[in-house]
Structure formats: C-alpha cells, structure tokens
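This report concerns only the one structure given below.
The values are calculated or read from the model by the stated rules, or taken from the named source; none is laboratory data. As the structure is a computational prediction, the values presented were derived from the model and not from experiment. Here the Cβ positions follow ideal geometry from the backbone for every residue, glycine too, while neighbour counts run over all protein chains shown. Areas reflect the complete protein model, heavy atoms only, side chains present, ligands, DNA and RNA absent. Shrake-Rupley method; radii C 1.70, N 1.55, O 1.52, S 1.80 Å.
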Amino acid sequence: MPQRSDSFDLGGLALTSGEGRRLELHTGIEPFDFGGQRYAVTRDMVPVRLDVSRTTGNGWALRLRFAAPLEGPCMRCLAPAEPVFEVDAREVHQPGAGEELQSPYVGDDAELDLRGWARDALALAMPAQIACRPDCAGLCAQCGADLNEDPEHHHEPAPDPRWAKLGEIRFD
Ligand SMILES: [Zn+2]
Ligand SMILES: [Zn+2]
C-alpha cells in the first residue's frame, strides 16, 4: 500500500534556487456536491504527480497532475455515471511578492496542502454537467421517461387552454 500524503513538506526537499524535483505521491480526495448531486472519487488514494521547482527569491513553482475517476448520477438521466477527469494545475508561491503570487495551498512553513489543492483543481476541471455519456438524451421533461431507452417518445401537444375554457361554458 502506498502512503497517503494529505500534505507535503516542500522545505524538506532542500532545493536550492532553480532546482526542481518530480514526485509521485498519493492523496485522498473528498466527495463533492455538484449540481445538487453527490459525487465520490472511487479510489481512497489518487496517484498524483507533483513537480516542484524552487524559484529565485525563495518561492515555489508547482504543477500537479492526476486522473480522478468519479462515481455519481448522470445529471441528465440520473443513471450511474463513472467519468474520469484529467487534472493539470499550476500554482506559484512567492513569499513577499504581490497577493496574486501567494498560493492558498502553501503555508508559511512551506507545507503544501496537497489534499485541498487536488480537490479544488478537480472541481475546476469539471464540466458544467456530468453525463453518463456525451450524447445522453436525458429524461422527458413532461413525464420523466428515459429518452435513451425510447428515442421515439413524445407527447401529443397539449390542447389550447382557450378551448378548455370554452368547454366549461354550458348552453341550456
Ligand atoms: Zn445519462
Ligand atoms: Zn414523456
């Protein structure tokens, strides 16, 4: 069993300015609530590749890559879906520089919040809608029938409400 790293001590790498290191780590990613549905990463530990470079001025340039298999309902037809998302995220952390160069995932002690970063990066990599397949037809808006199983499914147009009103008029 590989060891799980929820955080990673960047300082422990003892890199000097301009030096870099590639690390193969494992982290946990918590389940998501997305579009009113719950999605879980199907692995307890996701293998991640972390590239760490020491920038001049005691900063860090970081790149995180991983593939996360998810499990949850299709947002169109509600059938179980198991999409896999590829994540490729970068962060720069330059202590003492402008606010945009401060990574929220790197602490003052150069401790990288690997788990938090992986979760946020995955959220950003998600499409607007999770579907069981790209051409999922979804459910009928009127009766909820699964349109994947019944592509011919349709309803007769509703009668014009004005005619319904006329039907209420009684002639003696
Ligand atoms: Zn679907
Ligand atoms: Zn219908």
What is the residue count in segment 99-115 for residues that are under 22 Å from Glu24 (Cα atoms), surrounded by fewer than 16 Cβ atoms within 10 Å (Cβ to Cβ) and among the charged types (D, E, K, R)?
2
Output the number of residues of segment 116-167 satisfying the condition of being within 16 Å of ligand 2 (Cβ to nearest atom), touching a residue at least 12 places away in the same chain (Cβ under 8 Å), open to solvent by 50 Å² or more (accessible area, probe 1.4 Å) and among the aliphatic types (A, V, I, L, M).
2
Residue that is farthest from Met1 (Cα to Cα) [pool: residues in segment 31-46 that are touching a Gly at 6+ places or on another chain (Cβ under 8 Å) and loosely packed, with under 13 Cβ neighbours inside 10 Å]
Arg38
What's the number of the condition Gln129 fails, among (1) of a type outside the set (Asp, Glu); (2) within 16 Å of ligand 1 (Cβ to nearest atom); (3) modelled with pLDDT of 90 or more?
(3)
Residue count, segment 1-26, condition under 23 Å from the mean Cα position of the chain (by Cα), open to solvent by less than 50 Å² (accessible area, probe 1.4 Å) and either free of Cβ contacts under 8 Å to residues at least 60 places away in the same chain or under 20 Å from Gly57 (Cβ atoms) (or both), comes to 2
Every listed condition ((1) more than 30 Å from Pro134 (Cα to Cα); (2) within 16 Å of ligand 2 (Cβ to nearest atom); (3) of a type in the set (D, E, K, R)) holds for Glu91 save (2)
Criterion first (surrounded by 13 or more Cβ atoms within 10 Å (Cβ to Cβ), more than 12 Å from the chain's Cα centre (by Cα) and farther than 30 Å from Asn148 by Cα) does Arg90 satisfy it?
no
Taking the residues in segment 47-60 that are of a type in the set (S, T, N, Q) and surrounded by 14 or more Cβ atoms within 10 Å (Cβ to Cβ) as candidates, determine which candidate is farthest from Val84 (Cα to Cα).
Thr55
